[in-house]
Every structure is written in C-alpha cells, then in structure tokens.
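The values are calculated or read from the model by the stated rules, or taken from the named source; none is laboratory data. This one's a predicted model, so the numbers in the text were calculated from it and none came from an experiment. Counting neighbours? That spans all protein chains shown, and the Cβs are built from the backbone with ideal geometry, glycine included. Ligands, DNA and RNA are stripped out before the accessible areas are found, and what is left, the full protein with its side chains, is counted by its heavy atoms. Shrake-Rupley method; radii C 1.70, N 1.55, O 1.52, S 1.80 Å.
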Amino acid sequence: MRYSSPEQAGISSESIQKYIELLEKKRLASHSLIIAKGDSVVFEQYWKPFDKDFLHRMYSVSKSFVSIAIGFLEQDGVLSLDDPMEKYFAEELKNQPDENMHKQTVRDMLQMSTAKPCRYWFDCRPKDRVAHYFENDLEETRPAGTIYKYDSGGSFVLCALAERLTGKPLMTYLREKLFDKIGVSEEAYCLKCPGGHSWADSGILCKSTDLLKVARFVMNKGKWNGEQLLNEDYVTRATSCAVFNNYWDIEDYNAQGYGYQFWGMYKDAFAFVGMGTQIAVCVPEKDLILVYTSDNQGRELARAFVVDQFFDCIVNTASDIELPPNEAALAKLQKGAQSAELIAASGAESAAFEKEINGVTYKLDKNPMGMKWLRLSFDNQGGTFEYENAQGEKKIPFGRCKNVFCAFTQEGYSDEIGTVPTGGMYYKCASSAAWVEPKKLYIKVQIIDKYFGNLGITLGFKDDVCGVYMNKSAEDFLKEYQGFAGGKRV
C-alpha cells in the first residue's frame, strides 16, 4: 500500500480533522477509519485497543464478498444468474409448496428481490441453516424479482451455493481467485453456521486494510495491477442500482437503490455495508474510498451520520489537483490519530455518594435478568460491579470514565459456529463507568471480540433502595442483560 499526505491527494487535512471531530462529538464507538484516493492511503486511524492487524468482524459487509464469488462463478460458466435456485437446491425445496420460491433465481437472490420474508434464524436455532431457509413456512409471499426486501438468509444461501459448486469454503475459493493476488491477509477467515457452510452473510473477519483492498478492486471494475481478474460487466451490474429500495421517498444514504449485494450511495457511489456501521464507501467520481469500522449497534442514525458527514466534509470538498502543504494541520491530525482511544462512559469520574454504597449489598426483587443481588465497590482507579445470576456470582471491573479491558463475565456464548453455545467461551470486553447524576451510576460494557455488542447498566439510588435498568444491543447474546430491577439495601 502506498501512502500520501491528504493535501497531495487534493484533500485538506483540516477537512479530515473536522470529520474526526464530528464523529467524536457524536460519541460514536469508532474502531478504525481509512481514507484512500487512487492507490494511496491519505489518512489512517485506529482507536486503541484496535490496530491495523486486528481481524475485525465485518458483519453484512460479508455479503459483498459473496457477490464477488458469484461473479467469478458466472465468469467461469459454472452458473447463470438466471438459473432457478431449484436447480441447485431441489432436495431442500421438495416440500416447499410456494411456487415463488421454486422460481427464485440467482439474480433475484443477489438483488434481494426474493419470494418470502427472511425468518430470524437466531430464534429458530436450526441444525442446518440452508434447510431452514428453504423450509420457510411463512404465508406471506410475492413473485421473486419484483420487490426489494432485505434478505440476509438469501445472501447466506448464495454462499452455500458457491461452496457446493466449488467444493471449497468461500474464503478458500476467494483466496485462489482474488485474495492472494490483491494481498488480502492470510489470517482473514469466516465463521460457520450450523450445517457446515460459511456464515458469509455476516461472519467474515479481516483487517480494515483487507477491506480497503477489496473495495479498491471493485472500484477498479475488477482489475488489479492492470490485470482484469473479474469481468467489468459483472462488477458494473453488481455496483449499479438493480432494484428500487426507496420505500419512504426520502433522500437518504440507504435509499439510493440496491445492486448485487452492494448498496447504492449518493453521486452514483456504492458501498459495502454491515451492521454496527462497518462500511466501505466507494466514490468513483472522486476516486475516493472510505473504510470505517465500529460497533454502533442500537444507534440507528450512526451509519447515516458517518456517511453523510463523509460526503459533506471529504467528498464534496476534495479537489482534483494537489493542494499546498499544510504542515501544522497535518501534524495535528497525525497526533490525534496516534492518541485515539475507544470511547468510554461519559460523566463525572467520582461522586461523594459512592462512599455511602461502597461494598453495600442490595437484594433484588424478581426481575427479567434473574439477578438475586448486586454490589458496587470503588477504588482510586475504578471499581467493580458484582452480582449473582443464573450462572452464579459475577464481577465486572470498570474504570472511571476510562476503559478497563478484561473478559466479560458471562460464559458460553457462540464461538466459531453461530448460535452454538460454547463452554468456556468468554468474550473480550471494555468496561467503564461514570456518575451521570449525584446518585446514579452508568456502566458501559463493549464486547470487542469476534462478536460485537454493547451493554448499558444504569444504577440509581434513593434512601435504602436501588433501581436498575439494563439495555443491550447484540445480535444473539447478552440476552440475560435486558430489563428493569429493584432492590433494597441489606
């Protein structure tokens, strides 16, 4: 990878500084940010503990990787986009009475104009996710190829199709066809689903720079170092607006049409998009790429903010010619990048009231979390939140408006296979706390592992009683940490 200063690429360091400050002011849980123009990286920042070698869960960005694999299969004559899925999944469809599903094509799946609403497989917890998709018994249906409706399961099935046709895991196939040629790291991999196929609608983990390379390959219309690896026609179709998706008739980043597992964007740009605001925005008009990773699950407006401000601050101000050097602005930008840290709880670091509850146990009434009691203890650096739930006694250490990095206390969440509980599995996390009122403490827990999630714990105190509210945003875990509780001082 080559590097240049922002000004050499026609981008003001001050514009990037403004963009970073806006993200920080919004209190987004940013992990990485890369801005590239042409073949050069002009700005790169990681919020500690994240760094350039971290394999980041890309969530639905993975879907765009699936599209690339389908493109290679079409190019090699292995399949046609007009093939009905029944050609490849006849056994799974034999008991499906809905003719719309039988007629559904590869192209319909790519552009998410499928026949049925997607069932939430985390609730069903199937033994084979492919069979679960085709056994869909929901009555609602429509002719495939007519209406856009986001269908994550359909993307997974496209991956299963690629794996059946090649006899190889998706990442192995892509490594042979693409990754090794463009320099995607050897460590990049994909989680699995029950049934054995790759969890490729959500489960790819790779470096932020890996995503940048794949995005550059796509924006180059399938070409790398002068070699046409994937035909330009497929890439053009994949990144163009194949289907209307503006059902609210608004001018928004995610209402610009949908391609083949790629989202349309402003200015005829396109994007790889994943939950929690994993995103690679490609702007051919300016030859610009933004890669941004984070965990902003539960904050529905975060992605729109990241995208809109990128266009306002960077895209719309970028020049086609080199700008004069601005050493002071560049130095400030680089200094900030070196010291950036993952967001922590905001508020007061301490409160006089904490002395009154330090080490005090509160017995809790019956509650959705199944917690029997809780206790807070404090020291100069932070403290510990202790409690007992169905798994036994637990502890969450926290820093004062600063993250403490540890293993989250709940055991047995999924590891390499989604939805499959794994004994001895503890996710890495960052935890911090702040006093948000004189007698109210907020604890912020961020899961920062191969799965991302965030948990907010609010504890309010009055006389000899306490109130608790726990809210989480995580795809298939932290379910034990949702709801209200009340308790009395012992």
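Overview of results
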| quantity | calculated |
| --- | --- |
| Strands (runs of 3 or more DSSP E) contained in segment 446-490 and holding at least 1 residues closer than 15 Å to THR409 by Cβ | 452-462, 465-474 |
| Pairs where the first residue, in segment 72-94, is open to solvent by 50 Å² or more (accessible area, probe 1.4 Å) and the second is hydrophobic (A, V, I, L, M, F, W, C) and not in a loop (DSSP other than H, G, I, E, B), C-beta under 7 Å, 6+ apart | VAL78/LEU165; GLU86/LEU93 |
| Pairs, first on the phi > 0 side of the Ramachandran plot in segment 141-157, second buried (at least 18 other Cβ atoms within 10 Å of the Cβ) and assigned to a helix (DSSP H, G or I), C-beta under 7 Å, six or more apart | GLY145/ASP108 |
| Scan of segment 120-171 for residues that are touching a Phe, Trp or Tyr at 6+ places or on another chain (Cβ under 8 Å) and either open to solvent by 70 Å² or more (accessible area, probe 1.4 Å) or assigned to a loop (DSSP other than H, G, I, E, B) (or both), ordered by number | TYR148, ARG164 |
| Near pairs, Cβ below 7 angstrom, 6+ apart or cross-chain, from segment 456-481 (more than 22 Å from ALA344 (Cβ to Cβ)) to any residue that is modelled with pLDDT under 95 and surrounded by 17 or more Cβ atoms within 10 Å (Cβ to Cβ) | none |
| Residues being surrounded by 16 or more Cβ atoms within 10 Å (Cβ to Cβ) and either among the basic types (Lys, Arg) or in contact with a Gly (Cβ under 7 Å, 6 or more places away or on another chain) (or both) - total across segment 307-343 | 2 |
| From the options GLY259, GLY276, residue that is within 20 Å of the chain's Cα centre (by Cα), on the phi > 0 side of the Ramachandran plot, surrounded by 15 or more Cβ atoms within 10 Å (Cβ to Cβ) and in contact (Cβ under 8 Å) with a residue 24 or more places away in the chain | GLY276 |
| Test result for LYS366, in contact (Cβ under 8 Å) with a residue 12 or more places away in the chain, open to solvent by 70 Å² or more (accessible area, probe 1.4 Å) and farther than 30 Å from CYS193 by Cβ | no |
| Segment 221-256: number of residues that are in contact with a helix residue (DSSP H, G or I) (Cβ under 7 Å, 6 or more places away or on another chain) and not aromatic (Phe, Trp, Tyr) | 10 |
| Residue in segment 44-62 that is assigned to a helix (DSSP H, G or I), modelled with pLDDT of 95 or more and either touching a strand residue (DSSP E or B) at 6+ places or on another chain (Cβ under 8 Å) or open to solvent by 10 Å² or more (accessible area, probe 1.4 Å) (or both) present | yes |
| Residue tally, condition open to solvent by less than 10 Å² (accessible area, probe 1.4 Å) and of a type outside the set (Ser, Thr, Tyr), over segment 95-115 | 7 |
| Leading residue by the ranking (surrounded by the most Cβ atoms within 10 Å (Cβ to Cβ)) among those in segment 372-424 that are among the small types (Gly, Ala, Ser) and in a strand (DSSP E or B) | GLY383 |
| GLU480 being closer than 22 Å to GLN297 by Cα, modelled with pLDDT of 95 or more and surrounded by fewer than 22 Cβ atoms within 10 Å (Cβ to Cβ) | yes |
| Qualifying residue in segment 318-327 (condition: at pLDDT 95 or above, over 22 Å from VAL465 (Cβ atoms) and in a helix (DSSP H, G or I)) | yes |
| Tally, over segment 186-197, of residues that are exposed (fewer than 15 other Cβ atoms within 10 Å of the Cβ), on the phi < 0 side of the Ramachandran plot and either free of Cβ contacts under 8 Å to residues at least 12 places away in the same chain or not acidic (Asp, Glu) (or both) | 1 |
| Neighbours by Cβ (under 6 Å, 6+ apart or cross-chain): first from segment 289-308, farther than 25 Å from LYS37 by Cβ and without any contact (Cβ under 8 Å) to a residue 24 or more places away in the chain; second open to solvent by 40 Å² or more (accessible area, probe 1.4 Å) and assigned to a helix (DSSP H, G or I) | none |
| Criterion violated by LYS267 - all others in (1) at pLDDT below 95; (2) closer than 30 Å to CYS401 by Cα satisfied | (2) |
| Selection within segment 172-185 - part of a loop (DSSP other than H, G, I, E, B) and buried (at least 16 other Cβ atoms within 10 Å of the Cβ) | VAL184 |
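One line per residue, one yes/no per condition, for (1) of a type in the set (Phe, Trp, Tyr); (2) at pLDDT below 95; (3) outside any loop (DSSP other than H, G, I, E, B); (4) touching a Gly at 6+ places or on another chain (Cβ under 9 Å):
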site	(1), (2), (3), (4)
VAL218	no, no, yes, no
TYR234	yes, no, yes, yes
ARG237	no, no, yes, yes
ASN245	no, no, no, yes
GLN256	no, no, no, yes
VAL273	no, no, yes, no
